[in-house]
1. Name the residue, out of B:S600, B:S646, that is of a type outside the set (D, E), crowded, with 18+ Cβ neighbours inside 10 Å and touching an Asp or Glu at 6+ places or on another chain (Cβ under 6 Å).
2. Of all residues in region A:176-214, which are among the small types (G, A, S), more than 14 Å from chain B (Cβ to nearest Cβ) and either touching an Asp or Glu at 6+ places or on another chain (Cβ under 6 Å) or surrounded by fewer than 16 Cβ atoms within 10 Å (Cβ to Cβ) (or both)?
3. Enumerate the helices (runs of 4 or more DSSP H) found wholly within region A:104-223, keeping only those where 3 or more residues are over 18 Å from the mean Cα position of the chain (by Cα) and free of Cβ contacts under 8 Å to residues at least 40 places away in the same chain.
4. Please verify whether B:F438 is farther than 22 Å from B:T491 by Cβ and assigned to a strand (DSSP E or B), treating the condition exactly as stated.
5. For region B:168-181, give me the residue count where each residue is in contact with a strand residue (DSSP E or B) (Cβ under 6 Å, 6 or more places away or on another chain) and either closer than 24 Å to B:S414 by Cβ or among the hydroxyl-bearing types (S, T, Y) (or both).
6. What strands (runs of 3 or more DSSP E) lie completely within region B:233-329 and have 3 or more residues being modelled with pLDDT of 95 or more and closer than 30 Å to B:V148 by Cα?
7. Answer with yes or no whether B:I625 is buried (at least 19 other Cβ atoms within 10 Å of the Cβ), without any contact (Cβ under 8 Å) to a residue 40 or more places away in the chain and closer than 24 Å to A:I217 by Cβ.
8. Kindly list the number of the only condition in (1) under 20 Å from B:C412 (Cα atoms); (2) within 14 Å of another protein chain (Cβ to nearest Cβ) that fails for B:K539.
Amino acid sequence: MSEKPKFAMYWSGSCGGCEIAVLNIGEKILEVDARFEVAFWPVAVDAKVKDVEALPDGDILLTLWNGSIRNEENEHMAHLLRRKSKLLVAFGSCATEGCIPGLANLAPLGEIFETVYHTISTDNPQGIHPQPVTQVPEGEITIPALKDRVYTLSQVVDVDYYMPGCPPESHQIAAVLDLVFQVLEGKAQLPPKGSVIGAGGSTVCDECPRARNVKTIKAFRRIQEVAPADPALCLLEQGIPCNGPATRSGCDARCPRAGAQCIGCYGPAEGVIDYGARLMTAFASVIDATEPEEIERILDGIPDPAGQFYRFNLADSLFKAGAPAFKHNGH
Amino acid sequence: MSAESKSSKPKVGVYICHCGTNISHTVDVEQVREWAEKTLGAEGVVIARDYKFMCSSLGQELIEKDIKELGLERVVVAACSPHLHEMTFRGASKRSGLNPYLTELASIREQVSWVHTDKAVATEKAKAVVAGAVRRVIQNEPLEEIRVPIHPDTLVVGGGIAGIQAALEIANAGFKVYLVEREPSIGGHMAQFDKTFPTLDCAACILTPRMFEAGNHPNIELLTWSEVTHVAGYVGNFTVTIKKKPRYVNTDLCTGCGICVEKCPKKVVDDVYEAGLGYRKVVYTPFAQAVPKYPVIDAPNCTYFQKGTCKACEKFCPTNAIDFTQKEEYVTIQVGNIILATGYDLFDARRVSNYGYGRLANVFTSIEFERMSNAAGPTGGNIVLRDGKTQPKTVGIIHCVGSRDKNYNNYCSSICCMQSLKFAHLVRERTGATVYEFYIDMRTPMKAYDEFYQRVLEEGTLFVRGKVAQVTNAARNEREEGKLIIQVEDTLAGKQRRIPVDMVILSIGMEPRHDAKETSHLFGVGCSSDGWFIEKHPKLDPVSTMTEGVMIAGCATGPKDIPASVAQGAAAAARVLNKIMQKEVVLEPIKASINEAQCSGCRICNGLCPFNAILFHEDRMVSEINPALCQGCGTCVAACPAGAISGTGFSNEQILAQIDGLLMDVNLAV
């Protein structure tokens, strides 16, 4: 056995962008290989679940977990890797707050299957509808059943650190790895358990160079409807629903710098309990109208409120899921 | 949970009030008490009691005794709304040495017993409300009250009889009053009337001495032709901005001689004071006894402003007081208290199209009749038809026009019955005409009102009980030819009647000012769905509002007659004097504050503060709250997208703990 500490990375309910982001750190990846023994990383190295099961508990020093908990296999693996790891990091938006997969929580499971397998856009001549258990001549085969809704990692197992971002910025990943290396060398201390790492403590506005004034909004407009948007002025002031004010800093305000509104991928700022609710009250507060009909009209300028306010945070919000999902998922 | 952490929980006492039978009729109080003691024991509840009237001195003593003897560190009183008795129970805590902010009220009357009928369900809900309050109170922090001095000056908005009365009361007590009126003269609606019911004394005779007194009082600064545009601050320390509209008359030079009015060559219809029945000059005072005496130039109608020539007024003014270059001017004043006496608008009779006002010439409104019957009015007090000369032989007076009607206003305008009776008396006295009154119910409840009704009955006025369907000039027979026909179901005779008359008077109701909502926003007071300002308590605090330091008086709070308006003006003044004499005001220590490290200077909160307490530091790109100005309203706390603003008394921990308690499965426990 090597003397090097063990490293693992796992991919559950997510798109895989987090894995790419890790590879995007460039040569530093070689340092990871030099400092760690990669015990388990299905994307990068060949290892089996039974190899992990065979490890003593707590044998893996650092596990980066990306992805939401969508099905029973995700859940099983989360428990397994939690047991085997000293430090379990919820890595990326899916693991920390549910992210895009979490939007499935707006609908009950049955409806999701119906949409995916049986609507007009699906070519499914045999009418296949996946079942967790299927009988075939050779015997019984199983696939992992979906859970009633999408869970974040910390809703299933105890998590040591949270690293937000969809995906986390490569420079932030590199900085976190550097910190880990320093801790290994005894030159630095780990932050308190439960901390958010690889991100700032304030909001995207803090890193945004655009000028800001007292805000009053008479109309919300999609960015393509504002031509051209003032490149030096706060996007929200121009009526473009920018989520920057509620979103954690750490990305260096990439989107607003590039002329696009922040969509909130770095999740809620420190101290924000319900991201969407915070943003809604913030936007509502600066609407410049007094008549109910006028306010209604201005709010109608946000075409997809769930996507605007809960694109990344629905599974981690106070409600966790939309009412239909709760009603029909046996809650 | 370990025994150690359990014992570190603060000791909570829960007190459940029966409120006579107000609560106990719908909530099983004993069951809630037993449940609280057993189930919430794990949360720190060491004692739960119920009592017939917790707010009584015996009830309060119960709490005080427990705080001292059991060493309670938190108290929950499940009773009425905090509006009513929060102060009472905080006082009880304070007396026994517990910080008053460690006591919470759980509303199981307004939010439970009064809104439910099913006792089992209401009892479960009461438990949830109590659980929420217990979890919340554990998170409460002790807070200290804040004392600030009160500015002794007062702003009175509205120069009608209510505002004048309020201003005089305060000024006579020796304190400065700013009296703001948007018309050129004070006096309000009362100045338009001829006689006042039920005594029939002349409105001008009783009003003008008050107007004169207000206009010449050393402690009253009159700001007519002016409007309040901005209000900041809080009780004791308001900063108010007032827009003085240009009069185009230099009041320092003007003597009020009236030569300019006499020489002005242009007349326009006077829609305000004369209710459209008469004319006034373009440079004018609304009426002869106007206070102040200085005229105003009606710029949109002035030939000079339209064409650049004329200037007759300027030429003839003996003191060179005409100044066409005047611009609107803004003045900022500091006051400690504000009285809103902004009055009412009249219902627009055109809206009831079946009564024909605006279409049928001889249909008049009550305010037109007031002007017509006024000796100083456009007809010199002669009651005549629209042609200006013919006296009517029969007159129909229709009550409740726009009032007590689902299509317009549901409420009773309170004064219309009496004004209609007064009209009947005046018509008979001056013309000898036959008068019909068409009423739904006769409402004459105040002092000497019903006696006046009896008098008008005896004078021979004819009363028809029924709601008039329409007023028409479409005659069906010779008798109706050339007349206005009033079609009505006489509900006492039980038949339809068509009564031909020469003149119809519509007794139009009162409506909130058209801009009452804006005024309510400006001063931070509540406005009912109708638009009347909302009193702090409809019975026990009729001239206060939920905003400390802002009082309301007169018809701005709802329709009322002159004595009631005067009484409210005086009552509001008493409230203000009470505050001034206290010299300082105790403010709740509920304040918002910004965590600078979390603030990214997005500036969403900057424009929201109703008290202008938020300032933005351009250099550090962070916002800051001035604790002296913050009133703890919570607007910015809710708006802050970064969660950087928190409010004492309403922290996330407190609110979430309360929600957790409310969502507790009250059946699972025990």
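1. B:S600
2. A:G186, A:A188, A:G194, A:S195
3. Because the criterion is at least 3 residues that are over 18 Å from the mean Cα position of the chain (by Cα) and free of Cβ contacts under 8 Å to residues at least 40 places away in the same chain, the helices (runs of 4 or more DSSP H) in region A:104-223 that meet it are A:109-118, A:170-184.
4. Working: farther than 22 Å from B:T491 by Cβ: no; assigned to a strand (DSSP E or B): yes.
Judged against the criteria, B:F438 is not a match.
5. Qualifying residue count, region B:168-181: 1.
6. Working: elements: B:237-244, B:267-270, B:278-281.
Strands (runs of 3 or more DSSP E) meeting the threshold: B:237-244.
7. Values: buried (at least 19 other Cβ atoms within 10 Å of the Cβ): yes; without any contact (Cβ under 8 Å) to a residue 40 or more places away in the chain: yes; closer than 24 Å to A:I217 by Cβ: yes.
Criteria met by B:I625.
8. (2) is the only condition that B:K539 fails.
The values are calculated or read from the model by the stated rules, or taken from the named source; none is laboratory data. Note that the structure is a prediction, hence the values are computed from the model and not measured. For neighbour counting, all protein chains shown are included, and Cβ atoms are generated from backbone atoms with ideal geometry for every residue, glycine included.
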